[in-house]
Amino acid sequence: MTINTTLDYIRENIADLAVELLGEPTKKTGREWRWRGKGSLAVAVAGDRQGAWLDREADEGGGPVELIARHRVLPLKQEGN
């Protein structure tokens, strides 16, 4: 399995992964699920952005790997380090 195949698999299953990491969403729309009282954490579960997430409170976002790292407290190696 290549890294691209793995990332594709994660993106295709992002809804299940998001629930595993974040719990049940407070709001679901067709393409995006939201968490927290005001829905400040959003994960795209379908469409062109599937797998992308944005946390407006923390001013952070990224793809599924960053979501896993952030919510499982895994340090990601930064470029240049």
Given 0.36 nm per residue, what is the gain on full extension from Thr2 to Glu57 after removing their alpha carbon distance, in nm? 16.4 nm
With a 1.4 angstrom probe the carbon and sulfur portion of accessible area for the chain, in percent, totals 49
Which listed residue (Asn13, Trp53, Gly30) has the Cα farthest towards the positive end of the charge dipole for the chain, taking +1 on Lys and Arg C-beta and -1 on Asp and Glu C-beta about the Cα centre? Gly30
From DSSP H assignment alone, runs of 4+ in the chain each adding -39500 (n - 2.57), the sum over residues rounded to the nearest 500 puts [θ] at 222 nm at -9500 deg cm²/dmol
Using a 1.4 Å probe on the protein heavy atoms only, what accessible surface does Arg49 show? Give it in Å² to the nearest 10. 130
Matching label for the computed log10 I(q)/I(0) by the Debye sum over Cα atoms at q = 0.18, 0.20, 0.23 Å⁻¹, out of (1) -0.79, -0.88, -1.02; (2) -0.91, -0.92, -0.98; (3) -0.74, -0.90, -1.14, is (3)
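The values are calculated or read from the model by the stated rules, or taken from the named source; none is laboratory data. Bear in mind the structure is a predicted one, so any value in this text is a computation, not a measurement. All Cβ positions, even for glycine, are placed from backbone atoms using ideal geometry, and neighbour counts span all protein chains on display. What goes into the accessible areas is simple: the full protein's heavy atoms, side chains included, and nothing from ligands, DNA or RNA. Shrake-Rupley method; radii C 1.70, N 1.55, O 1.52, S 1.80 Å.
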